[in-house]
Amino acid sequence: MDAIVEMTKSRDPEQYEFHQAVKEVVESVKPVLDRNPEYRQQAVLERITEPERVVMFRVPWMADSGQVKVNRGFRVEMNSAIGPYKGGLRFHPSVNLGIIKFLAFEQVFKNSLTTLAMGGGKGGSDFDPKGKSDNEVMRFCQSFMAELFRHIGANTDVPAGDIGVGAREIGYLFGMYKKIKNEFTGVLTGKSLNWGGSLIRPEATGYGVVYFAAEMMQTRDETLEGKTCLVSGSGNVAQFTTQKILDLGGKVVTLSDSAGYIYDEKGIDRDKLAFVMELKNLRRGRIYEYADKYPEAVYTPVDPNLDYNPLWNHPAQCAMPCATQNEINEKDANNLLKNGVYLVSEGANMPSTPEAVDIFIDNTILYGPGKAANAGGVAVSGLEMAQNSMRLSWPRDEVDDRLKQIMHSIHKTCVDAATSYGQSGNYVAGANIAGFVKVVNAMLDQGLV
Ligand code: NDP
């Protein structure tokens, strides 16, 4: 098993996040390989850690000033054993091949857990939409799609949003795809409602994170009612995580962006959340404005000299990291426990470092890893694909009920898989084992391809 991790490191030494994601899965599935010797003979780990296809391309576009800019585009088609590649596009200056590969790898297991027929992929660009005009974003998206279109399709690879890619970007991307291909298909998910989107898709990741948290609470005969929650981020996932926590009677006291965070001890109520949504989604402003509007809140800018994030150092019972990878380190994990947190449900992908994960597991808190807890987003994307194929739109309640059912089923699958391998209560082991076994068995059924 160590050799697999070493191989991924020596092949691509700079892809740190990918190594991290591979190491976690490989460690979890060791007992599965011990129980199924044919998996080793069939080199399933070597196969599952190597993308089926990687596409990298130049994205030239023109700024409003007339200056030509060039960004790099990526699409990693990781695994199509159980369905067309499926996974979001991330536009953020930190994007590189290692980050897209880690996200694509995680996506394979996540999609497998949803019970829907979706393989795993991910893509994006180092383009930063922040501070760009709508026209600049449109020109960038059109140039990005002018290359991506040849690699995707409703039955081949179906991208969606992620950091920096929301309804506006999906609209521009879809428009260009439709123009080039002259066809109106469900090639992207996260579309607007009046041209093929699904009700509940914008809400799905955040709602799912909270449904998963509620399932974990239920194992201890508890609910989220009256619980104080620390939420990071202030984008799509953070907003709807906050909304669903309010629905279930909990209180959210923090939100953040990459420049800092706000702490509102009284709680972010529905009016305050509406302000955040308007601030972030329409005005594309910064979270410090929350503290200008609501003086009872305290804004703390990011301090690059700190080796911990003070957001995770407030009294609470629950934490929902919804910003980005590795945002909770060892010190943050200890601070969370010290402050009374005993449930972590991850909205972001891989937001906890391996050291932080070990602390959560060693202390037997309720820890739902991203690939299980945030799978609601891709699950409803799968439902959007189904509705597009039938040219139908399901009502809001129907999609929400299906989402709830899927999160319940993912939770049960994780619990059962962990228990059957003697690791009761370990959702990391459960998610990795269950996601892995389904994909690997499909790969073996389909021969050496
Ligand atoms: P958004 O772009 O809507 O929001 C991202 C939020 O995280 C913003 O508040 C952003 O702040 C903050 N953020 C981004 N990068 C950093 C960073 N390096 N350091 C600190 N803060 C940062 O993205 P989403 O809400 O869609 O995605 C958030 C997380 O959820 C990601 O990890 C994504 O992969 C994951 N996810 C998303 C799904 C979806 O359906 N959208 C599905 C499953 C997982 P700022 O504005 O300053 O950049």
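The values are calculated or read from the model by the stated rules, or taken from the named source; none is laboratory data. Given the structure is predicted, the values throughout are model-derived calculations rather than measurements. Every residue, glycine as well, gets a Cβ built from its backbone with ideal geometry; the counts of neighbours run over all protein chains shown. Note: areas computed on protein heavy atoms with side chains; ligands, DNA, RNA excluded. Shrake-Rupley method; radii C 1.70, N 1.55, O 1.52, S 1.80 Å.
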Subject >> With every protein chain in place, the chain: carbon and sulfur % of accessible area (1.4 Å) >> reply: 50 percent
Subject >> Only Lys, Arg (+1) and Asp, Glu (-1) charged, at Cβ; the stretch 1-49 dipole about Cα centre in debye >> reply: 180 debye
**OP:** Using R₀ = 41 Å, calculate the FRET efficiency as 1/(1 + (r/R₀)^6) where r is the Cβ-Cβ separation of ASP362 and SER258; round to 0.05.
**Re:** 0.85
**OP:** Calculate the radius of gyration of the Cα atoms of the stretch 373-449 to one decimal place, then report Dmax, the largest Cα-Cα distance, as a whole number, both in Å.
**Re:** 15.4, 45
Subject >> Shape box of the stretch 51-187 [Cα atoms, principal axes, largest first, Å] >> reply: 47, 33, 23
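Could you check what % of the DSSP bridge pairs in the stretch 250-365 are antiparallel, to the nearest 5?
DSSP beta bridges in the stretch 250-365 are roughly 75 percent antiparallel.
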**OP:** With 20 Å as the limit, write out which pairs from LYS86/LYS191; LYS178/LYS280; LYS251/LYS371; LYS130/LYS280; LYS110/LYS438; LYS132/LYS178 have Cα-Cα distances beyond it, or answer none.
**Re:** LYS178/LYS280; LYS251/LYS371; LYS132/LYS178
**OP:** Only helices at least 18 Å long along their axis, Cα-based, and averaging 0.5 or more on Kyte-Doolittle count here, so list those DSSP H runs from the chain.
**Re:** 97-113, 427-445
Original post:
In the neighborhood of SER232, defined by Cβ-to-Cβ distances under 13 Å, what is the net charge if each Lys or Arg adds +1 and each Asp or Glu adds -1?
Top reply: -4
Original post:
When the chain is modelled as a GNM with alpha-carbon springs shorter than 10 Å, which of THR219, THR324, THR419 fluctuates the most?
Top reply: THR219
Subject >> Antiparallel bridge percentage (DSSP; both residues within the chain; nearest 5) >> reply: 60 percent
Subject >> Those Cys residues of the chain for which no other cysteine Cβ falls under 4.7 Å >> reply: CYS141, CYS322, CYS414
**OP:** Counting helices only, and only those DSSP H runs with n ≥ 4, report the 222 nm mean residue ellipticity of the chain as the sum of -39,500 (n - 2.57) divided by its residues, in deg cm²/dmol to the nearest 500.
**Re:** -15000 deg cm²/dmol
**OP:** Give the value in nm², to one decimal: projected area of the alpha carbon convex hull of the chain, averaged over all directions.
**Re:** 20.8 nm²
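Looking at the stretch 51-187, send over the antiparallel percent of its DSSP beta bridges, to the nearest 5.
On the way: 18 of 25 bridges.
Of those bridges, close to 70 percent are antiparallel.
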Subject >> Per residue, in Å², the accessible surface of the stretch 1-49 once ligands and nucleic acids are set aside, probe 1.4 Å >> reply: 53 Å²
**OP:** Choose one answer from LYS132, LYS280, LYS122: the residue with the largest mean-square fluctuation in a GNM of the chain with alpha-carbon springs under 10 Å.
**Re:** LYS132
Original post:
Mean separation of Cα pairs under 8 Å and 6+ residues apart, divided by the residue count of the stretch 277-395: what relative contact order is that in percent?
Top reply: 18 percent
**OP:** Please say if the stretch 305-382 is rounded, prolate or oblate, where rounded means a/c under 1.5 for a ≥ b ≥ c the square roots of the C-alpha gyration tensor eigenvalues, and otherwise the choice is prolate for a/b larger than b/c and oblate otherwise?
**Re:** prolate
Original post:
When only Cα pairs under 8 Å and 6 or more residues apart are kept, what is the percent relative contact order across the stretch 202-373?
Top reply: 23 percent
Subject >> Listed residues ILE361, ILE262, ILE170, most fluctuating in the chain (Gaussian network, C-alpha, under 10 Å) >> reply: ILE361
**OP:** Could you tally the net charge around LEU148, taking each other residue with its Cβ under 10 Å from the Cβ of LEU148, Lys/Arg +1 and Asp/Glu -1?
**Re:** 0
**OP:** For the stretch 51-187, report the accessible area per residue in Å² (1.4 Å probe, heavy atoms, rounded to an integer).
**Re:** 36 Å²
**OP:** Mind checking which aspartates and glutamates have their Cα closer than 20 Å to the Cα of LYS338? Skip sequence neighbours fewer than 8 apart in that chain.
**Re:** ASP264, GLU265, ASP307, GLU327, GLU330, GLU346, GLU355, ASP358, ASP362
Original post:
Expressed as a whole number of Å, what is the distance separating the alpha-carbon centroids of the stretch 211-249 and the stretch 68-100?
Top reply: 29 Å
